[in-house]
Amino acid sequence: MTDLKLFNSLTRSLETFEPVHPGEARVYSCGPTVYNYQHIGNMRAYVFADTLGRVLQWKGYKLTHVINITDVGHLTSDADEGEDKMERMAAREGKSAWDIAKFYQQDFERDLARLNVQSKQHPRATEYVEAMIAWGERIAEKHCYELDSGLYFDVSTVDDYGRLARAVTDEGEGRIDTVEGKRNAADFAIWRKTPAGETRQMEWDSPWGRGAPGWHLECSVMGEALLGFPFDIHTGGIDHREIHHPNEIAQNQAWCCTNGLDDARNSGAKIWMHNNFLVERSGKMSKSAGEFLRLQLLVDKGYHPLAYRLMCLQAHYRSELEFSWEGLEAALTRLKRMVMAVERLGEGDIGDADHPKFAPMRDKFAAAVSDDLNTAVALVALEEALAVKKVDGAVKRGVIADMDAVLGLDLLSVSRADLRIRPASAAIEESEIEDALARRKAARAEKDFATSDAIRDELAAKGVEVMDGDPLGWEWKLA
Ligand code: AMP
Ligand code: ZN
C-alpha cells in the first residue's frame, strides 16, 4: 500500500505517517468556542480533520478522533487579551454561560452531522478543570510565575518556544503591557484569577485563587488524558499555528519534564497539521457582523450541506479557499451529476471493488489521498470511475462505496430529491410542487397538453419553473 505522506507544520515538510501505536491512529482537533454559532470557515477545519480521519481509517488504522469543546476560558483575542467570550455572550443574551455553551454545542454537533463528520468524541473543557489544576501544579514551580491576575507560563523556560510558528519576534504575539508584570510578551495565563470584588459564572478554587483556566491549557490536558503523549496528529486552523499551538507545545514540554522538540513526546503530538482559511471578500464570516455565513444559511438558501463539503474537498486543505455562492452552486451541480450517475446504476448489491477495469482509477485515488490528502485529484478519480462503461453495477457500486468512505459525500444513499432543498423563503411547499408535477405527468401521458400547460402556468405563477428535459434530471427549480 502507498505510504501516507502528511505535511507536518513542525518540520514544514512532508512526513510518512508511522503510528505511535501499531494499527491505531489518534487524532486531536481543536474544537470550537461555543459562545456563538460556527461559521462555515470553522466547519472547514472539521471537514479537513474528518477527511484526515477517514483516510487513516481507509488505510486500515483504528481511529480515535477527539474534537474538544471550549466552554470556558477563551478570551476575545487569542493572545491573552480582552474578555472571556463565554461570559460576555452570557451577559449579552441574559442567559447563563452554561446554557449558552449547551445551546451552541448542540448546534455545532448538528452541523458536524450534516457535513458527515464522524467524530462523536467531544469532551468539554469544564469537565477537565480538576485535571487542568493538577497540570498547573506539576509545572508551576519550574515554568510559571504568579501575578495578581493569575498564574503565567514563562515561555523562556522551554527550548525552542515558538518553533511551530517560525515567526516569533522579540515582541512575541502578545503585548507585554497588556498584563502588568509579564516577563515575556508571549507569556500566557495558565490560570486567571477572578478580580477581587467580582464573580464569574464559571469559576473554580485553585492554589492560585478562585478563577478559571487559561484557554491554551485545556487542549494539552484533554489531549494527554484522552490520547496519551505522544499521540499521532494534532489539527487546527492555520491561525492556531501562531499562538495557541506553540503555547500548547510549551505546556507539553513543561509537563514532560524535558525540553527539546526533537522527541515527539515533548511536543505532545508527532504531527501538527493546519488547514488554511476559508475566506470571503465581503466579511460575512465574522461572527460580529450580524448575519454571518453559517451552514444553516446555506441550507436556507437551498444548498445541501454536502455541497459545502464537496466545495471544501475540491481545494487542497493547505490552500486558501474563497467562498462564493457561484462556487457553491457549481459544487452542488457537480454533486448532482455524481448522484445521478450513481442512481443510473440502479439499486442492488455492493460488489467487490477489486476489478481490473477500475484499477487505474483506484490507483490514482490511492496515490492522491496518500499525497497529503489531495482530495481534488481523488474526486477526479471518482468521476472517472463513474464514467466507466459496460461494467456490472455491483462492481461499480463497490468502487464508489470504497472511495466515498474517504470523501464522505453519501453518494450511495443521497438521492437527487434530497439534494433539491426548498429555500426557506419559497412561497410554496415541496409537496404541492410534487403533486402538481404528478398531475402534469398524467395529463401529458394522455396527450392532454392543455391541462399540462395550465399546470405549468399555475406553477410559474408561484415562482416554480418546470424544467422539461433538464440534463441533470432536475424537474423543477424556483425561478
Ligand atoms: P475557534 O472557535 O475560533 O477556536 O475556531 C474553531 C476552528 O476553526 C479552529 O481550528 C480555527 O483555526 C478554525 N477557523 C477559524 N476561522 C476559520 C476560517 N475562516 N477558515 C478555516 N478555519 C477557520
Ligand atoms: Zn486547542
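One line per residue, one yes/no per condition, for (1) crowded, with 24+ Cβ neighbours inside 10 Å; (2) part of a loop (DSSP other than H, G, I, E, B); (3) among the basic types (Lys, Arg):
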| site | (1), (2), (3) |
| --- | --- |
| 22 | no, yes, no |
| 28 | yes, no, no |
| 44 | yes, no, yes |
| 65 | yes, no, no |
| 72 | yes, yes, no |
| 82 | no, no, no |
| 87 | no, no, no |
| 102 | no, no, yes |
| 107 | no, no, no |
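Selection over the stretch 46-60 of residues that are buried (at least 21 other Cβ atoms within 10 Å of the Cβ) and either near ligand 1 (Cβ under 10 Å from one of its atoms) or within 14 Å of residue 19 (Cβ to Cβ) (or both) gives a count of 8. Might you let me know whether the stretch 194-211 holds any residue that is crowded, with 17+ Cβ neighbours inside 10 Å and within 16 Å of ligand 2 (Cβ to nearest atom)? No, the stretch 194-211 contains no residue that is crowded, with 17+ Cβ neighbours inside 10 Å and within 16 Å of ligand 2 (Cβ to nearest atom). Filter the stretch 233-260 down to residues that are away from ligand 2 (no atom under 15 Å from the Cβ) and crowded, with 22+ Cβ neighbours inside 10 Å and give me whichever is farthest from residue 11 (Cα to Cα). Out of the qualifying residues, it is 254.
To keep it simple, each residue is scored yes or no on (1) part of a helix (DSSP H, G or I); (2) away from ligand 1 (no atom under 16 Å from the Cβ); (3) more than 21 Å from residue 256 (Cβ to Cβ).
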position	(1), (2), (3)
183	no, yes, yes
195	no, yes, yes
198	no, yes, yes
201	no, yes, yes
212	no, yes, yes
221	yes, yes, no
226	yes, yes, no
229	no, yes, no
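Applying the set (1) surrounded by 14 or more Cβ atoms within 10 Å (Cβ to Cβ); (2) under 15 Å from residue 340 (Cα atoms) to residue 417 leaves exactly one unmet item: (1).
Out of all the residues in the stretch 448-460, is one or more more than 30 Å from residue 317 (Cα to Cα), in contact with a strand residue (DSSP E or B) (Cβ under 7 Å, 6 or more places away or on another chain) and not assigned by TED's automatic domain parsing to the domain that holds residue 49?
There is at least one residue in the stretch 448-460 that is more than 30 Å from residue 317 (Cα to Cα), in contact with a strand residue (DSSP E or B) (Cβ under 7 Å, 6 or more places away or on another chain) and not assigned by TED's automatic domain parsing to the domain that holds residue 49.
Applying the set (1) within 15 Å of ligand 2 (Cβ to nearest atom); (2) free of Cβ contacts under 8 Å to residues at least 60 places away in the same chain to residue 94 leaves exactly one unmet item: (1). The residues of the stretch 113-138 that are within 17 Å of residue 150 (Cβ to Cβ) and among the aromatic types (Phe, Trp, Tyr) amount to a single one, 135.
Considering 222, 273, 285, 202, the condition of being under 26 Å from residue 37 (Cα atoms), in contact with a Leu (Cβ under 7 Å, 6 or more places away or on another chain) and in the same structural domain as residue 63 (by TED's automatic domain parsing) is satisfied by 273 alone.
The values are calculated or read from the model by the stated rules, or taken from the named source; none is laboratory data. Everything quoted here is computed from the prediction, not taken from an experiment. Here Cβ is always computed from backbone atoms with ideal geometry, including for glycine, and neighbour counts include all displayed protein chains.
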